[in-house]
Amino acid sequence: MPGKEDDMTTDYRAGQRFSLKGQSLTIKYVGSVHGKSGDWLGVEWDDVSRGKHDGVHEGKKYLECRSSSPTCASFLRPKQTWDPHRTFLEALREKYVARTKPTESEVIYFASKQAEEVGFDKFAKRQAELRGIHVLVLDRMCMRHSSHDPDVDTITSICQEITDLDIGGNLFESLSEVHDLCRRLPKLRSLTLNGNRMSLTGIDQVEESSFDGIRTLSLANTLLDWESELVSLVKQHFPSLNTLLATNNSFEYASPNGDLPASLKTLDLSGNNYATLTNLSGVASSCVQTLLLKDCKITVIAGTAQEPHPVFTSVQELDIRRNNISEWSFFDHLLTSIPSLKHLRTTGNPLYTDLKTHDGKLLTAEDGYMLTIARLPTLGTLNYSKITDKERLNAETYYLGLIAAELRATATDKQAVDIRKHHPRYAALCETYGEPDVSRKTVLAAGDLDPDSLAARLVKITFVSGAVEWTEELPKSFSMYAILGVVGKKLGVMPLRLRLVLETGERDPVGMASEGYGGPEWWHSDDEDSADEDGRVSSHAGGTDQASWVAREVEMPPGTRALGTYVEGMAARVRVETRQ
């Protein structure tokens with residue numbers, strides 16, 4: 001004979017919704033379980049961490065769960081103390097109708113005096129009648145609805161001004177319950193059904209005009225199938241929908257089978273499992289202008305080089321924050337898929353956490369911001385910030401400079417061609433700003449000094465001060481103030497009391513100003529040089545002998561000019577004098 005507990009299974013059926021200790025669930029199976037005595041309820045928990053398995057027990061599948069989590073399901077005995085459910089009006093009164101007399105814990109005191117509630121009764125009456133209230137939030141209140149609920153016909157008069165309704169996380173079992181409730185709210189424009197696990201069975205019997213007034217619909221975490229359920233539901237019953245939120249539904253594909261309503265302009269698919277933009281080909285053919293894809297798993301635009309890129313002709317605003325984008329190629333080809341893109345949000349992608357130049361130099365987050373702008377010429381805002389003309393100029397010239405540096409570092413023409421292909425905007429940037437100098441670095445012979453090395457930027461200077469002589473290796477970028485500081489410290493003299501003179505080692509002719517200078521002397525072919533008996537050469541055409549030449553010296557005055565503006569080679573000799 002079956003026990004009393006076994007007889008209770010007749011009160012249950014698949015699809016029923018209950019709440020147990022504040023945790024919502026759906027009954028998926030009623031019956032026996034191999035290896036266990038008596039009958040059991042196989043349930044799928046809304047909170048997938050609450051379960052023990054995925055509906056499979058000892059190799060046999062008992063439950064067909066909507067969630068793909070390995071811990072979404074468990075078995076319960078039929079005898080449970082379920083949380084009591086509420087009707088819509090019961091939930092409404094509990095949340096919005098104030099009690100007439102406050103409890104002791106609700107009495108307000110200032111110091112030791114009780115506050116007098118002036119006018120609170122009038123406010124409570126207004127709130128009880130929902131006067132001035134347009135938004136109702138009745139989420140997670142164990143609510144069910146039926147057209148046979150007590151006083152159900154009074155909902156319209158009480159809620160005639162309600163425009164926004166949030167009934168997420170409740171115990172609705174079918175869409176028909178929601179339909180009957182919404183048809184009683186004549187001004188309803190926004191409906192939130194997040195977390196409800198409704199069956200769409202009988203959807204064809206629901207009047208197609210029942211949700212005509214809804215402009216915003218939220219179906220987050222409902223685990224509806226994209227093609228067979230969500231798209232069909234929205235297209236058939238929400239023809240005037242402007243905004244759809246379908247986040248955290250474990251979608252992997254938005255297939256092109258089934259069109260979204262032409263009125264839909266904003267689509268939020270954040271928190272789903274898309275790996276590429278190609279997985280969203282079903283959205284590409286829609287009229288969506290704002291596409292939100294935060295916290296997905298997007299890495300690239302297309303999975304393979306042969307896979308065609310989808311073209312989102314209407315999208316102007318894209319949010320791809322906190323995805324898995326790690327290569328600049330995603331942004332290099334983004335306008336191929338979204339040619340009208342004007343507003344973009346990209347923060348939180350791994351690409352920006354380890355930015356480097358072609359030669360391994362680290363870049364900052366600000367550099368990443370500029371390089372994103374430079375790659376996308378149609379952008380008007382990036383990460384909510386308006387892009388000014390000056391920012392775009394700086395970003396594009398900076399990017400062009402980095403490409404030029406990369407080209408200069410190549411050794412072959414083939415490498416240079418590959419780099420230009422790697423930067424699709426290079427040609428357009430050159431057309432706008434002019435082609436930069438990309439003369440490539442010559443290959444050094446053995447023993448030659450790399451001009452980009454630290455050694456090439458140092459000068460060995462021999463300083464001479466009277467009988468004192470010493471050598472310093474100093475960067476060419478040092479200013480003359482810095483050079484004087486080094487010399488002054490060495491000699492123990494105030495730097496500005498010193499005078500530095502560069503001895504070039506070259507000689508210049510002595511000027512003949514005292515004799516009067518009549519311009520350059522001319523050489524004539526008839527004037528031939530001849531050698532004297534000792535083999536010395538003399539010039540007949542006004543030539544000068546060794547006594548007419550003097551060593552060239554250049555004073556290096558204090559200032560911000562760099563040492564490299566005076567010294568070209570790798571060594572120099574500088575005479576140090578003391579100013580009088």
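Only beta bridges with both residues in region 310-436 are counted; by DSSP, about 40 percent of them are antiparallel. Other residues lying with their Cβ under 15 Å from the Cβ of ARG552 contribute a combined charge of -3, Lys and Arg counting +1, Asp and Glu -1.
Between HIS343, ALA411, SER385, the Cα set farthest toward the positive side of the dipole of region 333-422 (charges on each charged residue's Cβ, about the Cα centre) is that of HIS343.
Restricting attention to region 211-363, close to 5% of DSSP beta bridges with both partner residues there are antiparallel. Given R₀ = 51 Å, FRET efficiency for LEU458-ASN394 by Cβ-Cβ distance, to 0.05? It comes to 0.95. These residues, LEU291, LEU458, go from largest to smallest accessible area, 1.4 Å probe, as LEU458, LEU291.
Translational diffusion coefficient of region 13-80 at 4 °C, 1.567 mPa s, Stokes-Einstein with Kirkwood Rh over Cα pairs, in µm²/s as a whole number. Once the numbers are plugged in, D ends up at 110 µm²/s. Using R0 = 51 Å, the C-beta based FRET efficiency linking THR565 and THR313 works out to 0.35. Remark: region 378-426 carries a charge dipole of roughly 60 debye about the Cα centre, counting +1 on each Lys and Arg Cβ and -1 on each Asp and Glu Cβ. Full extension of the chain between LYS60 and TYR481 gives 143.0 nm of extra length, using 0.36 nm per residue less the Cα-Cα distance. Ligands, DNA and RNA excluded, the heavy atoms of LEU393 present near 80 Å² of accessible surface to a 1.4 Å solvent probe. Accessible area per residue was computed with a 1.4 Å probe on protein heavy atoms; SER263 scores about 40 Å². Converting phi to 3J(HN,Hα) with the Karplus coefficients 6.51, -1.76 and 1.60 and the offset θ = phi - 60°, region 48-60 yields 5, 6, 7, x, 10, 7, 10, x, 10, 10, 6, x, 10 Hz in sequence order, with x at every glycine or proline.
3J(HN,Hα) along region 334-348, derived from phi through the Karplus expression 6.51 cos²θ - 1.76 cosθ + 1.60 where θ = phi - 60°, amounts to 5, 5, 5, 8, 10, x, 9, 4, 10, 10, 9, 10, 10, 4, x Hz, with x in place of Gly and Pro.
Charge dipole of region 142-271 (Cα centre as origin; +1 on each Lys and Arg Cβ, -1 on each Asp and Glu Cβ, all else neutral): 340 debye, rounded to the nearest 20.
For region 186-344, the dipole from Cβ point charges (+1 on Lys and Arg, -1 on Asp and Glu) about the Cα centre works out to 540 debye, to the nearest 20.
Subtracting the Cα-Cα distance of MET494 and SER228 from 0.36 nm times their residue separation leaves 87.1 nm of extension gain. To the nearest 10, the accessible area of LYS79 is 140 Å² with a 1.4 Å probe. Taking 31 Å as the limit for the C-alpha separation, the pairs LYS356/LYS414; LYS297/LYS390; LYS95/LYS294; LYS235/LYS342; LYS95/LYS342; LYS187/LYS386 exceed it in the case of LYS297/LYS390; LYS95/LYS294; LYS95/LYS342; LYS187/LYS386. Within the shell defined by Cβ-Cβ distances under 15 Å, the residues around VAL152 carry a net charge of -1, with Lys and Arg each +1 and Asp and Glu each -1.
The values are calculated or read from the model by the stated rules, or taken from the named source; none is laboratory data. Computed from a predicted structure; not experimentally measured. Using ideal geometry, Cβ is built from the backbone for each residue, glycine included, and neighbour counts are taken over all protein chains shown. Areas reflect the complete protein model, heavy atoms only, side chains present, ligands, DNA and RNA absent. Shrake-Rupley method; radii C 1.70, N 1.55, O 1.52, S 1.80 Å.
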